[in-house]
Ligand code: SF4
Ligand code: SF4
């Protein structure tokens, strides 16, 4: 939404100058969503709409509990409900979807507009609307399918992790609203420690594969999940098992972008554009092969 | 209400929200707290996180509560009694009951009269023409000393416990599976968890709500749990209890203040026509103890009654006029919602004030309610929101079909402000009376309900004063001592409920010493008197506002024992007791059953612990005074004598609309004493035309019929839907998001289909039976998508004891269809 002066910037899209880092001792934050405690009440969703002054149009029932039907410029977080028949015992897996605030953000890497996406020292990834050119590269760069481009103003929108609240020492609105404390907020270290306790409890209750979702492929995330079935994250409305940024995006970003005239850079740009227009933003074998070729 | 009081003595949540965290097992059945009480549900989460509690959910649907449970089992709507009697049988036959508790603190050892029997689905004394029982034989043997006879050895076959064992013997796991459709292995697993708490070391809490009340045998559903908790010794202990979760923030409050049509505030009785005189009324309310030395606290009834009359009528209530007893209306029959709607429908009601009730949407059988409203001469709607009731006369196509031109009813809307726009108190499920402050001014011309009622009263009073009338006395003599008669403050009303001292009360030992000064607030209900020198608008609230201040404003978060006992947060009736019957947390000698569950114990000279003892604070254990001080027996009741209309033990009766016969007694299929109005017998559907079992419920995203007017709630759950099991959807070719038509014998609705694994196809009497779920919440007014009223479908029959409609179990048919006219098809 906007840059916050009280939060130092660690990274900035399409920018090579070194960021300021005198306040380099900022604590890395994280939101921990304990899926095993979530009752799907949507208080977090309502709180998000209230705090961020968002109002979606009243939609329709499409045969499921997920409402609105998808993330949108006015829906930055959404409960996704999945029914899972676990060997005769039904489970209703309810995952709060939204930006994962990747340590290594694909959106930021893919973004060609200087300063349209920033990452603060505390790990939060934020979109700066006035710098956004609405090209949609972030959508493709994101391994979690999160950003949405508004038809109204042609800007990209997603969860800010309530960077405005965090900057003044408050927890995100969703964490504050959650009645069951399924959403925790604090330093990343504390959140990992808390998750470990929860995992012990879940294992005792028979969930042998309970675990923390903090995927390494994106350098870890500042939004993490406690899952009963951490071995099968796809069960939770398609949470990617091993999310990673397309190597094409890596190439586009990895030092090549400012040197766009060099041959290797051009190939990367072409490859990247192919990837961008091609459709789904899962990383395919084909993309990786293409990246390998370019890199060779 | 109607089952807890006959069992324990008081009709309210026995424990409280914070106490849920002390439970070892949480049984959610007849409710869905994660969905309907998400904020209170945090205490379940606490119990799981810090007490390693197991959460068990038994529900026809796999609910949001089930989503976080350790164990879930389905059952057919309306068969909870069969399930719970099966659990009772399990713990009785496997000797898992807390025997010492049961012998000491229940009426297990009491001997029942020979005349009492249960045969072919009926208890002794049934009169088919009256659809009622003569309940005289449902009583203890009384000895020559005037006390009930007991056999502490339990050798006598007529002991309550032995009769109970015989009664539940039929409910084997196989029978439970046949009636309820609950797989036997799941049922037995739940039995084991439940049984693990029958020992004083561990405790189970029961959380329920309207999933139990809204049945033709609703009170008996709850009654089963009350009995089960007694057999396990889970009453009066931390993390135990039978806990009614209230669906509105202040339902407990309104119930305390006389909601039930035959009750006065504080659960005093509103006299019936049979009690023409004060003496008649008091004659049956002496509450002589049934065992030697018992407290039988209702012996104080007259003190509370007289204090109430003094609060109501002030100086007009005198000893000479029997405390203005004649001013009280005498009821002929209970006037619950079904009765009122039926009376409208019969054209026998001229006017109606609907205050905070959207009766058109909320009543069972909407079609009948609609016709009833159209027969009124006038209708006053007091509400902060636009309601369908106020607009019942508008034609909204198939959503509300009515010939507007023919409606003669004059509708007057009085806009009320919302609760945040006025000050006052809420009484929560745990009986905690909490003050709330005004946050903003009401919109437009809205006024508080208090001001609206005062406006009506002061005008009526002036009319009666001027014009007289048949009997103006109760109205012109109503005590109305407020600084601004047209707008009393909530503070003044709360003081009045607490009560005042009218004349100096002197110390009987020392007449020079004044114990209580005239004009001061009464310190507690122990100070109320039957001689007209005290007032109290609601005796159980006495102590909430004393000379020390407004106790409901207290907000201390001190919890010295860590058991969630915030003694200085608000004021809990009665006498600031957080857990009712807490003396039962110690054995007969006053020693706690276990260190884990230590709560109130005898320290050699008095009862001590984190809570206010629900007992004489210095009554010695040797005195053998029972912990259920409201009951003349001193103990709780596994056998309720004649206190419930439909039996001293619960029995499985089918819902009035059921897909199967009652396999236990075919001739008596459903509750033999539930009231059915003549016209409605023909409106019950049969399984040939309506083969599927349906149930209705709330969603977290909405609150009754209010929040559909609010944009965010409408965004989160925009449109009416029905949940269908996958097998049924497949049979009918229905896909997710398709339009379906659901019909019952009373009408039809159209809505979207949610096809789900969470609604079961159960095997009932060996046959696959589909269960269909339909949320409420939608209508033709508001911001959410226009929808049909779910209550178009529901049957017009209520519980035998309190007449709560059977919203939870009825029969429907389901067909695929197209969008209703006027609804965009998506
Ligand atoms: S989840 Fe997507 S939008 Fe959010 S930080 Fe990661 S890459 Fe960017
Ligand atoms: S508020 Fe908490 S419990 Fe409710 S949906 Fe959000 S995460 Fe789940």
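I want to confirm something. Restricting to the range A:100-118 and keeping residues that are in contact with a strand residue (DSSP E or B) (Cβ under 7 Å, 6 or more places away or on another chain) and farther than 15 Å from residue A:134 by Cα, which single residue is farthest from ligand 2 (Cβ to nearest atom)?
Checking each candidate, the answer is A:118.
Could you list, in sequence order, all residues of the range A:22-57 that are part of a strand (DSSP E or B) and more than 16 Å from ligand 1 (Cβ to nearest atom)? Write out each step before concluding.
Quick first cut of the range A:22-57, residues part of a strand (DSSP E or B) only: A:29-34.
Passing the criteria: only A:34.
In this structure, does residue B:728 turn out to be more than 10 Å from chain A (Cβ to nearest Cβ), surrounded by 24 or more Cβ atoms within 10 Å (Cβ to Cβ) and over 20 Å from residue B:780 (Cβ atoms)?
Against the criterion (more than 10 Å from chain A (Cβ to nearest Cβ), surrounded by 24 or more Cβ atoms within 10 Å (Cβ to Cβ) and over 20 Å from residue B:780 (Cβ atoms)), residue B:728 does not qualify.
Test of understanding: among B:435, B:393, B:378, which residue is touching a helix residue (DSSP H, G or I) at 6+ places or on another chain (Cβ under 9 Å), without any contact (Cβ under 8 Å) to a residue 60 or more places away in the chain and under 28 Å from residue B:451 (Cβ atoms)?
Values: B:435 fails: without any contact (Cβ under 8 Å) to a residue 60 or more places away in the chain; B:378 fails: touching a helix residue (DSSP H, G or I) at 6+ places or on another chain (Cβ under 9 Å).
Step by step, each of B:435, B:393, B:378 is checked, and only B:393 is touching a helix residue (DSSP H, G or I) at 6+ places or on another chain (Cβ under 9 Å), without any contact (Cβ under 8 Å) to a residue 60 or more places away in the chain and under 28 Å from residue B:451 (Cβ atoms).
Can you report the number of residues in the range B:560-591 which are in contact (Cβ under 8 Å) with a residue 40 or more places away in the chain and surrounded by 15 or more Cβ atoms within 10 Å (Cβ to Cβ)? Write out each step before concluding.
Filtering the range B:560-591 for residues in contact (Cβ under 8 Å) with a residue 40 or more places away in the chain gives B:560-561, B:563-567, B:569-575, B:578-585, B:587-588.
Of the ones still in play, those that are also surrounded by 15 or more Cβ atoms within 10 Å (Cβ to Cβ) are B:563-567, B:569-575, B:578-585, B:587-588.
Total satisfying the criteria: 22.
Restricting to the range A:162-171, what's the tally of residues that are within 30 Å of residue B:43 (Cα to Cα), more than 16 Å from ligand 1 (Cβ to nearest atom) and part of a helix (DSSP H, G or I)?
1
Does residue A:147 meet the test of being without any contact (Cβ under 8 Å) to a residue 60 or more places away in the chain and either touching a strand residue (DSSP E or B) at 6+ places or on another chain (Cβ under 6 Å) or within 15 Å of ligand 1 (Cβ to nearest atom) (or both)? Write out each step before concluding.
Working: without any contact (Cβ under 8 Å) to a residue 60 or more places away in the chain: yes; either touching a strand residue (DSSP E or B) at 6+ places or on another chain (Cβ under 6 Å) or within 15 Å of ligand 1 (Cβ to nearest atom) (or both): yes.
In short, yes.
Report, by residue number, each residue of the range A:177-193 that is assigned to a helix (DSSP H, G or I) and either surrounded by fewer than 16 Cβ atoms within 10 Å (Cβ to Cβ) or away from every other protein chain (no Cβ under 14 Å) (or both). Talk me through it step by step, then tell me what you get.
Taking the range A:177-193 first, the residues assigned to a helix (DSSP H, G or I) are A:177, A:188-193.
Residues satisfying the conditions are A:188, A:189, A:190, A:191, A:192, A:193.
Hey, can you tell me all the residues within the range B:88-120 that are in a loop (DSSP other than H, G, I, E, B) and surrounded by fewer than 18 Cβ atoms within 10 Å (Cβ to Cβ)? Spell out the reasoning first.
Taking the range B:88-120 as the starting set, the residues that turn out to be in a loop (DSSP other than H, G, I, E, B) are B:94-98, B:113-117, B:120.
Answer for the range B:88-120, where residues must be in a loop (DSSP other than H, G, I, E, B) and surrounded by fewer than 18 Cβ atoms within 10 Å (Cβ to Cβ): B:94, B:95, B:113, B:114, B:115, B:117, B:120.
Go over the candidates A:37, A:87 one by one and state the one that is more than 7 Å from chain B (Cβ to nearest Cβ) and farther than 17 Å from residue B:718 by Cα.
Values: A:37 fails: more than 7 Å from chain B (Cβ to nearest Cβ).
On inspection, the qualifying residue turns out to be A:87.
Out of the range B:741-753, which residues are crowded, with 21+ Cβ neighbours inside 10 Å and closer than 12 Å to residue B:788 by Cα? Please lay out each step first, then the result.
As a first pass, look at the range B:741-753 and keep what is crowded, with 21+ Cβ neighbours inside 10 Å: B:742, B:744, B:746, B:749-753.
Within the range B:741-753, B:742, B:749, B:750, B:751, B:752 meet the criteria.
In the range A:70-84, which residues are away from ligand 1 (no atom under 16 Å from the Cβ) and more than 10 Å from every other protein chain (Cβ to nearest Cβ)?
Listed by number, the list holds a single entry, A:82.
Okay, residues lined up against (1) within 14 Å of another protein chain (Cβ to nearest Cβ); (2) buried (at least 23 other Cβ atoms within 10 Å of the Cβ); (3) farther than 30 Å from residue A:195 by Cα:
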{"site": "B:3", "(1), (2), (3)": "no, yes, yes"}
{"site": "B:12", "(1), (2), (3)": "no, yes, yes"}
{"site": "B:16", "(1), (2), (3)": "no, yes, no"}
{"site": "B:26", "(1), (2), (3)": "yes, yes, no"}
{"site": "B:33", "(1), (2), (3)": "yes, yes, no"}
{"site": "B:40", "(1), (2), (3)": "yes, no, no"}
{"site": "B:63", "(1), (2), (3)": "yes, yes, no"}
{"site": "B:86", "(1), (2), (3)": "no, yes, yes"}
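Among residues belonging to the range B:736-766 that are facing another protein chain (nearest Cβ under 10 Å) and within 29 Å of the chain's Cα centre (by Cα), point out the one that is farthest from residue A:65 (Cα to Cα). Before the answer, list the steps.
Pass one, the range B:736-766, residues facing another protein chain (nearest Cβ under 10 Å): B:736-738, B:751-758, B:760.
Still in the running and within 29 Å of the chain's Cα centre (by Cα): B:758, B:760.
Working: B:758: 12, B:760: 17 Å.
The residue in question is B:760.
Which numbered condition trips up residue A:50, out of (1) over 30 Å from residue B:182 (Cα atoms); (2) more than 10 Å from chain B (Cβ to nearest Cβ); (3) surrounded by fewer than 18 Cβ atoms within 10 Å (Cβ to Cβ)?
(2)
Among the listed residues A:174, A:159, identify the single one that is modelled with pLDDT of 95 or more, part of a loop (DSSP other than H, G, I, E, B), within 16 Å of ligand 2 (Cβ to nearest atom) and closer than 30 Å to residue A:235 by Cβ. Working first, answer last.
Details: A:174 fails: part of a loop (DSSP other than H, G, I, E, B).
Sole residue among the options that is modelled with pLDDT of 95 or more, part of a loop (DSSP other than H, G, I, E, B), within 16 Å of ligand 2 (Cβ to nearest atom) and closer than 30 Å to residue A:235 by Cβ: A:159.
Any idea which residue in the range A:53-69 is nearest to the other protein chains (Cβ to nearest Cβ), counting only those that are touching a strand residue (DSSP E or B) at 6+ places or on another chain (Cβ under 6 Å) and crowded, with 22+ Cβ neighbours inside 10 Å? Talk me through it step by step, then tell me what you get.
Let us first name the residues in the range A:53-69 that are touching a strand residue (DSSP E or B) at 6+ places or on another chain (Cβ under 6 Å), namely A:56, A:61, A:63, A:65-66, A:68.
Filter once more, keeping what is crowded, with 22+ Cβ neighbours inside 10 Å: A:61, A:65.
Values: A:61: 4, A:65: 7 Å.
Taking the candidates together, the pick is A:61.
If you take the residues of the range B:693-723 that are part of a loop (DSSP other than H, G, I, E, B) and at the interface with chain A (Cβ under 8 Å from one of its Cβ atoms), which of them is nearest to the chain's Cα centre (by Cα)?
The qualifying residue nearest to the chain's Cα centre (by Cα) is B:700.
State all residues of the range A:198-228 that are more than 14 Å from ligand 1 (Cβ to nearest atom), touching a residue at least 60 places away in the same chain (Cβ under 8 Å) and not in a strand (DSSP E or B); if no residue qualifies, say none. Give the derivation first.
At the first step, the residues of the range A:198-228 found to be more than 14 Å from ligand 1 (Cβ to nearest atom) are A:198-212, A:226-228.
Filter once more, keeping what is touching a residue at least 60 places away in the same chain (Cβ under 8 Å): A:198, A:202, A:207, A:210, A:226-228.
Answer for the range A:198-228, where residues must be more than 14 Å from ligand 1 (Cβ to nearest atom), touching a residue at least 60 places away in the same chain (Cβ under 8 Å) and not in a strand (DSSP E or B): A:198, A:202, A:207, A:210, A:228.
Any chance the range A:109-123 includes a residue that's part of a helix (DSSP H, G or I), within 18 Å of the chain's Cα centre (by Cα), crowded, with 19+ Cβ neighbours inside 10 Å and away from ligand 1 (no atom under 16 Å from the Cβ)? Working first, answer last.
Going through the range A:109-123, the residues part of a helix (DSSP H, G or I) turn out to be A:109-110.
Keeping just the survivors that are within 18 Å of the chain's Cα centre (by Cα) gives A:109-110.
Pick out the ones that are also crowded, with 19+ Cβ neighbours inside 10 Å and you get A:109-110.
Restricting the remaining residues to those that are away from ligand 1 (no atom under 16 Å from the Cβ) gives none.
Looking for residues that are part of a helix (DSSP H, G or I), within 18 Å of the chain's Cα centre (by Cα), crowded, with 19+ Cβ neighbours inside 10 Å and away from ligand 1 (no atom under 16 Å from the Cβ), one finds none in the range A:109-123, hence no.
Which members of the range A:58-89 meet the condition of being more than 15 Å from ligand 2 (Cβ to nearest atom), assigned to a strand (DSSP E or B) and touching a helix residue (DSSP H, G or I) at 6+ places or on another chain (Cβ under 8 Å)?
Within the range A:58-89, just A:84 meets the criteria.
The values are calculated or read from the model by the stated rules, or taken from the named source; none is laboratory data. Because the structure is a prediction, the values reported are computed rather than measured. Virtual Cβ from ideal backbone geometry, glycine too; neighbours counted across all protein chains shown.
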